[in-house]
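All remarks here apply to the structure that follows.
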């Protein structure tokens, strides 16, 4: 291949890899994913709101705010540790960035553990996706559906966090990969701030 053809191929490769919006392609991709996923969560929560308002016997099964408060604190704290990981990676301090990223992954895993424990408690009290002892049976399906979707994102985020941390520690990934992962993690935390009032705070026993 001639030098001119090589130059043209290289130029074409740059055009394919660059973003038309002046931001890195990885960051653009994660923002598009977040927008699409945010619409999904919005649709699910809106559907939940319609079901709740249409019900005449909506249950109020929650009576202890400690569990959801602890879960919320853990998830918010994990956002802070993720932010520290991004800052350290941008500053070139790989060891410190890896430490903060591991702490974020651990926080996400602990959150998932608390969530599963709550599910097991509710199942033991008789709440399944099809029935519950307190009122409208559709509550179980909506509760497990909304919280399960969020939990799936948390577990997926923890697995991605582990993979990115290992790759970044080896030098395979860069600070851009850390920041892209952080955008997803902050999105997961933001969604939880909508789940808590809709699913928990409005359903405490009266």
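Here are a few things to note about the model shown:
- Verdict on residue 159 being loosely packed, with under 14 Cβ neighbours inside 10 Å and at pLDDT 95 or above: yes
- Matching helices (runs of 4 or more DSSP H) fully within the range 2-93 where at least 2 residues are modelled with pLDDT of 90 or more and under 30 Å from residue 129 (Cα atoms): 25-54, 66-90
- Test: residue in the range 166-180 that is at pLDDT 95 or above, surrounded by fewer than 18 Cβ atoms within 10 Å (Cβ to Cβ) and within 30 Å of residue 49 (Cα to Cα): no
- So residue 79, is it surrounded by fewer than 16 Cβ atoms within 10 Å (Cβ to Cβ) and under 22 Å from residue 148 (Cβ atoms): no
- Taking the criterion of being without any contact (Cβ under 8 Å) to a residue 24 or more places away in the chain and surrounded by 17 or more Cβ atoms within 10 Å (Cβ to Cβ), the only residue of the range 100-131 that qualifies is 100.
- Residues in the range 183-206 that are part of a helix (DSSP H, G or I) and over 10 Å from the mean Cα position of the chain (by Cα): 193, 194, 195, 196, 197, 198, 199, 200, 201, 202, 203.
- Of all positions in the range 168-176, none carries a residue that is assigned to a helix (DSSP H, G or I), touching a residue at least 12 places away in the same chain (Cβ under 8 Å) and within 17 Å of the chain's Cα centre (by Cα).
- Qualifying positions in the range 128-142 - in contact with a helix residue (DSSP H, G or I) (Cβ under 6 Å, 6 or more places away or on another chain) and either assigned to a loop (DSSP other than H, G, I, E, B) or modelled with pLDDT of 95 or more (or both): 128, 129, 132
- With respect to (1) surrounded by fewer than 15 Cβ atoms within 10 Å (Cβ to Cβ); (2) under 24 Å from residue 42 (Cα atoms); (3) free of Cβ contacts under 8 Å to residues at least 12 places away in the same chain; (4) over 23 Å from the mean Cα position of the chain (by Cα), the lone exception for residue 148 is condition (4).
- Any hit, the range 52-74, residues being surrounded by 15 or more Cβ atoms within 10 Å (Cβ to Cβ), under 30 Å from residue 172 (Cα atoms), touching a residue at least 12 places away in the same chain (Cβ under 8 Å) and touching a helix residue (DSSP H, G or I) at 6+ places or on another chain (Cβ under 8 Å): yes
The values are calculated or read from the model by the stated rules, or taken from the named source; none is laboratory data. Predicted, not measured: the structure shown is a model, and the values here were computed from it. Note that we place each Cβ from the backbone using ideal geometry, even for glycine, and neighbour counts take in every protein chain shown.
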